[in-house]
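The values are calculated or read from the model by the stated rules, or taken from the named source; none is laboratory data. Keep in mind the model is a prediction, meaning the values are calculated, not measured. No Cβ is skipped: glycine too gets one built from the backbone with ideal geometry, and neighbour counts run over all protein chains shown.
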Amino acid sequence: MKILLVGAGLSGAVIGRHLAEAGHDCRIIDARPHIAGNCHTERDAETGVMLHVYGPHIFHTDDEGVWDYVNRFARFLPYQNRVKTTAQGRVHSLPINLLTINQFFGTTLRPDEARAFIESKADTSITDPQTFEEQALRFVGPELYEAFFKGYTEKQWGCSPTELPASILKRLPVRFNYDDNYFFHRFQGMPQDGYSAMVAAILDHSCITVELNTEYRPEMAAEADHVFWSGPLDGYFDYRLGRLGYRTLDFERFSDKGDYQGCAVMNYGDRDVPYTRITEHKHFSPWESHEGTVCYREYSRAAEPGDTPYYPIRLVEEKALLEQYIDLAHATPGVTFVGRLGTYRYLDMDVTIREALDTATRFVAADGDMSAFAVSPV
């Protein structure tokens, strides 16, 4: 079959590779001048530092099959994400752990003591947290919430934590030991030569052609037996019902000599600091050595037409519009919507790859008889 895949990020590359290995002719297009989507990496010409162009991407998973898959196309070296935060004039360790608690409150609590201490701070009158703020107040109390979550969240999402669902905070752990590894998955690492090199290896197949700087045109679908769309769901329909809400990021690059901040990621929790964090990219490749350094200040704001969409907002208004686009998608034959943008969901890289592998496997098994969504967006 002739397959058109719109987007040369992880979803398009993984699906394309699997279908190519099954003998299908895969044409992959991307409007951008590079492959790998938002996990695109490139060498900085000035310093030689490997840059995560659209913000840091750290690979972590418990899915052994996905771990084996990425290691088939790249050499992964060990990497653990150890985040720091500057809040109220002091530096603390994230996620909140025993060191954070003892430093913040000036205590020397042991794990059981710290657990009881935090419970005493918590608002136990909140029995069924519905909002981000209620979730935070119930589980860490007002002091830690104000220092580490409230201001950062207002900057990241552009609204009050009282307007966000509790589920956003449920992903963030609180630990009553000194483990400051941000993730808890079995497999964690970074591709030695960057994500773009990994995606290039995935795309390296005789049945795959890649066309960059190429916008999708509706007539392209007529030349294919099936289309896999990893662009914005509403974008496929030319936003005819309105635009789904996204947050986007602006990056302010600066360079320096030596080591600027001593860590890869420094969050800024105070509301009066306009950026959410500073990332220092040489620390994402600790096996390399560079005299110079490159940093980015990150600013979050609502995405506008023409911006790169990052985080789906998925609040009440967006979910209602999403349902309408899902109905449109189901009424559109020959197209399957995949990935973070195509299904309007926040997806980590490992989940993106797993869903892409499963989608391609189903497509091959069904001889191309594929529904609009292999994974439901709701």
Please determine whether any residue of the range 57-64 is out of contact with any Gly (no Cβ under 9 Å at 6 or more places or on another chain) and surrounded by fewer than 13 Cβ atoms within 10 Å (Cβ to Cβ). yes
Checked the range 60-91 for anything in a loop (DSSP other than H, G, I, E, B) and not charged (D, E, K, R); matches are 74, 79, 80, 81, 88, 89
Checked the range 92-139 for anything among the acidic types (Asp, Glu) and not in a helix (DSSP H, G or I); matches are 123, 128
Being within 24 Å of residue 218 (Cβ to Cβ) and either assigned to a strand (DSSP E or B) or in contact with a Ser or Thr (Cβ under 9 Å, 6 or more places away or on another chain) (or both) narrows 301, 340 down to just 340
Among (1) surrounded by fewer than 21 Cβ atoms within 10 Å (Cβ to Cβ); (2) closer than 29 Å to residue 13 by Cα; (3) more than 20 Å from the chain's Cα centre (by Cα); (4) touching a residue at least 24 places away in the same chain (Cβ under 8 Å), residue 302 falls short only on (3)
Restricting attention to the range 1-21, the residues that are part of a strand (DSSP E or B) and closer than 18 Å to residue 365 by Cβ number exactly 1
Residue pairs qualifying under the 7 Å Cβ cut-off, at least six apart or on distinct chains, with the first in the range 246-259 being closer than 15 Å to residue 46 by Cβ and the second being modelled with pLDDT of 95 or more and outside any strand (DSSP E or B), are 255/46; 255/47; 257/291
Here the qualifying pairs (Cβ atoms under 9 Å; residues six or more apart or on different chains; first in the range 323-351 and acidic (Asp, Glu); second outside any helix (DSSP H, G or I) and surrounded by fewer than 16 Cβ atoms within 10 Å (Cβ to Cβ)) come out as 323/378; 350/62; 350/185
Picked from the range 205-223 (must be farther than 16 Å from residue 237 by Cα and among the acidic types (Asp, Glu)), the residue nearest to the chain's Cα centre (by Cα) is 211
Requiring at least 1 residues that are closer than 23 Å to residue 95 by Cβ, the strands (runs of 3 or more DSSP E) wholly within the range 163-240 are 187-191
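Results for (1) of a type outside the set (Val, Ile, Thr); (2) over 12 Å from residue 197 (Cα atoms), shown as yes or no for each residue.
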site: 5; (1), (2): yes, yes
site: 8; (1), (2): yes, yes
site: 12; (1), (2): yes, yes
site: 17; (1), (2): yes, yes
site: 20; (1), (2): yes, yes
site: 25; (1), (2): yes, yes
site: 29; (1), (2): no, yes
site: 40; (1), (2): yes, no
site: 43; (1), (2): yes, no
Check your understanding: If you go through the range 263-281 one residue at a time, do you hit one that is buried (at least 20 other Cβ atoms within 10 Å of the Cβ), of a type in the set (D, E, K, R) and farther than 30 Å from residue 20 by Cβ?
Key -> yes
Those residues of the range 122-133 which are surrounded by fewer than 18 Cβ atoms within 10 Å (Cβ to Cβ) and of a type in the set (D, E, K, R) amount to 123, 128
Of the residues in the range 177-229, those that are surrounded by 19 or more Cβ atoms within 10 Å (Cβ to Cβ) and farther than 27 Å from residue 34 by Cβ come to 180
Within the range 248-272, the count of residues that are in a loop (DSSP other than H, G, I, E, B) and either closer than 23 Å to residue 182 by Cα or of a type in the set (Ser, Thr, Tyr) (or both) comes to 9
Those residues of the range 343-378 that are in a loop (DSSP other than H, G, I, E, B), buried (at least 19 other Cβ atoms within 10 Å of the Cβ) and of a type in the set (Gly, Ala, Ser) come to a total of 2
